Amino acid sequence: MARSLTPPVARERIVTILSPVLLLVVWELVGRLGMIDARFIPMPSTILVATWELLKSGELLTHVGATLYRLALGFSIGTVAGIALGMAMGLNRLIRAAIDPLVAAIYPIPKIAIFPLLMLAFGIGDGSKIAAVAMTVFLLTTINTMTGVLSIDKAYFDVARSFRSPRRKLYTRLIIPAILPIIFSGLRIGLGLALVVLVATEFVASRSGIGYLIWSSWELLLVDRMFVGIICITVLGICFAAILKELERRLTPWR
């Protein structure tokens, strides 16, 4: 039989649920009392109506689907490539010596600043946006993975060698379990940065996506539609963060 929640935990969960609800209620009341300009900060009820209209027309699902496709593909490519290169850099001094200066030089450059170059290389379609997301996640994942490998105590490697542990077991029993928490920490940060970069690219070179919805709504002063796009980004961020957290919980049960 599952244990009942202790009062402090129950209170915390109630506060977590009620705090955003209370914020929406106060926002709605302040708007109805005329204390804020509804032309620039629409009430939640107005945003809800705009959301329903966009859903009914199918426009919102089209934009969300386009953003999800670019984000999922770019994030997957950047994650796989970053983990592979980060492990190679962490395990091999020569590879680390050759690649580390390049990563250190490219990482601080805002990815939106090199987006014109990506458009020249991949075109103005989905390719350049996927590449921008992949590059953002790739560099951060590479750095975190390399750091995780380098942080493993050398004594573990010595023990593995003394027992003549096969290379496959060295990776599955030692290296990967040791670096998974650091990788997931980097992925959570990378996810947020990837969303920022993707929406920014959709501002300037796209006819679909949540970023395009926000920018086109701003140009037409349809502020309620603009808020719908902003809320969609927030919901996507929360959902992806929850997915990563659940994956981490399942893949690192010892934590």
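Nothing in this text is a laboratory measurement; each read-out follows from the coordinates by a stated rule. Note that the coordinates shown come from a computational prediction; the quantities given were computed from them, not determined experimentally. So basically every Cβ, Gly included, is an ideal-geometry build from the backbone, and we count neighbours across all protein chains shown.
Numbers below:
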{"read-out": "Single residue of Ile130, Ile112 found to be β-branched (Val, Ile, Thr), assigned to a helix (DSSP H, G or I), closer than 30 Å to Tyr212 by Cα and out of contact with any Pro (no Cβ under 7 Å at 6 or more places or on another chain)", "value": "Ile130"}
{"read-out": "Failed criterion for Ile214 (all others in (1) under 19 Å from Ala72 (Cα atoms); (2) surrounded by 16 or more Cβ atoms within 10 Å (Cβ to Cβ); (3) not acidic (Asp, Glu) hold)", "value": "(1)"}
{"read-out": "The listed residue being outside any helix (DSSP H, G or I), more than 19 Å from Ile230 (Cα to Cα) and not aromatic (Phe, Trp, Tyr), out of Gly34, Gly82", "value": "Gly34"}
{"read-out": "Exclusive hit being surrounded by fewer than 13 Cβ atoms within 10 Å (Cβ to Cβ) and free of Cβ contacts under 8 Å to residues at least 24 places away in the same chain, set Leu48, Leu29", "value": "Leu29"}
{"read-out": "Some residue of the stretch 115-122 being in contact (Cβ under 8 Å) with a residue 40 or more places away in the chain, closer than 25 Å to Met226 by Cβ and under 20 Å from the mean Cα position of the chain (by Cα)", "value": "yes"}
{"read-out": "Selection status of Phe138, in a helix (DSSP H, G or I) and either farther than 30 Å from Thr252 by Cα or touching a residue at least 24 places away in the same chain (Cβ under 8 Å) (or both)", "value": "yes"}
{"read-out": "Search result, residues across the stretch 191-209 that are of a type outside the set (Val, Ile, Thr) and surrounded by 22 or more Cβ atoms within 10 Å (Cβ to Cβ)", "value": "Leu191, Ala194, Leu195, Leu198, Glu202, Ser206, Gly209"}
